[in-house]
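Everything below concerns the one structure shown next.
The values are calculated or read from the model by the stated rules, or taken from the named source; none is laboratory data. These numbers come from a predicted model, not from an experiment. Methodologically, a virtual Cβ is constructed for each residue, glycine included, from the backbone with ideal geometry; neighbour enumeration extends over all protein chains shown. Quick note on the areas: whole protein, heavy atoms, side chains included, nothing else; ligands and nucleic acids left out. Shrake-Rupley method; radii C 1.70, N 1.55, O 1.52, S 1.80 Å.
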Amino acid sequence: MPLKLTTYYKGNEVPDLPGNNVFHSKELFLVYEATSGYSPIMIVGYIDEQPVVKLLAATRTNPSPFFRRCEIYGPGEYLDETVNREEIFGELLEHLTNEVLSSSFFVEFRNLDTPLFGYKHFRDNQYFAINWLKVRNSLHSQTTPEERISVSRRRQIKKGLKNGAEVYATTDKEDILAFSKMLKKNYSSKLRKHFPSIDFFKNFNEITAPKGMGKTFVVKYKDKIIGGSVCAYTGDNAYLWFSGGLRKSYVLQYPGILAVWKAIEDAYSNGYRHLEFMDAGLPFRKHGYRDFILRFGGKQSSTRRWYRFNWKWLNNLLIKIYS
């Protein structure tokens with residue numbers, strides 16, 4: 001039967017659908033919709049009036065409204081195990097590209113679990129791939145996360161706690177506000193990293209946390225938030241989306257280390273099989289954050305990010321470079 005694709009632009013129009021992938025959920029759509037700088041769309045595929053796939057894409061203007069970029073995390077969520085995912089993804093990708101490319105400087109697919117998934121369809125739609133790395137911590141083996149981290153990292157965690165730092169999960173609005181302001185300051189010195197509007201963290205906490213789809217951790221010292229992290233949860237996996245700490249101002253408390261460690265420890269305690277770090281960087285350049293997170297016992301592996309630029313001449317040039 002033919003696939004019928006419907007695009008939703010408003011949260012109140014998005015139907016309540018099955019699924020457990022936070023990156024293609026109505027809840028994250030509502031987070032984006034309520035956050036300045038984001039314009040989300042949800043594409044749902046139906047066969048014989050039954051939903052079989054959904055895909056959430058978010059176009060953002062931050063840091064510049066002149067270079068709008070559309071981001072998609074993964075190839076969508078498939079709701080029917082009997083469908084041909086590759087075939088459906090081809091139709092989904094063509095539809096999405098026609099929807100968003102004219103209003104975006106480029107489209108980016110990231111965090112693909114299977115590097116080869118959709119390869120032909122990406123090529124057919126003039127996308128090109130850049131090799132990327134991901135770091136994932138296994139939490140389901142007999143070895144505990146604490147046994148996997150380096151000796152020096154264990155020592156730093158103990159010192160941070162001994163020197164007065166507290167780290168805990170929170171839904172408190174004041175904690176979330178203080179954390180997001182701290183994180184913005186931390187990210188402002190790293191021009192390559194994207195930092196959303198502070199409202200994103202408030203909305204993420206209010207909309208996803210009650211559904212068990214997200215959690216915020218903060219590191220506090222003498223009643224001041226000095227670090228923290230944000231996790232998203234999908235099925236058996238946890239994803240560390242944002243993290244940071246005032247490591248130069250609070251050297252003895254190790255806030256950045258405690259923020260990451262608490263996310264790993266919590267995911268392990270709650271039965272998640274893996275924790276994946278959302279941005280481990282390019283494979284052909286030194287990446288300080290990747291070196292930092294690898295000391296928590298994870299393993300790195302290769303993946304791809306797929307891009308399609310609006311400017312045809314630029315896109316064709318990049319296809320030649322990365323082919």
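Observations on the structure shown:
- Every residue from region 233-256 that is under 17 Å from residue 271 (Cβ atoms), among the polar types (S, T, N, Q) and surrounded by fewer than 20 Cβ atoms within 10 Å (Cβ to Cβ): 237
- Residues that are within 24 Å of the chain's Cα centre (by Cα) and either among the hydroxyl-bearing types (Ser, Thr, Tyr) or open to solvent by 30 Å² or more (accessible area, probe 1.4 Å) (or both) were ranked within region 111-122; the one that is modelled with the highest pLDDT is 121.
- So residue 55, is it under 21 Å from residue 127 (Cα atoms), modelled with pLDDT of 95 or more and either of a type in the set (A, V, I, L, M) or part of a loop (DSSP other than H, G, I, E, B) (or both): yes
- All conditions in (1) free of Cβ contacts under 8 Å to residues at least 24 places away in the same chain; (2) assigned to a helix (DSSP H, G or I) hold for residue 160, with the sole exception of (1).
- Per the listing 219, 230, the residue uniquely open to solvent by less than 30 Å² (accessible area, probe 1.4 Å), among the β-branched types (Val, Ile, Thr) and in contact with a Leu (Cβ under 6 Å, 6 or more places away or on another chain) is 219.
- Failed condition for residue 168, given (1) of a type in the set (Phe, Trp, Tyr); (2) out of contact with any Ser or Thr (no Cβ under 9 Å at 6 or more places or on another chain); (3) at pLDDT below 90: (3)
- Counting the residues of region 67-101 that are within 23 Å of the chain's Cα centre (by Cα), of a type in the set (A, V, I, L, M, F, W, C) and surrounded by fewer than 21 Cβ atoms within 10 Å (Cβ to Cβ) gives 3.
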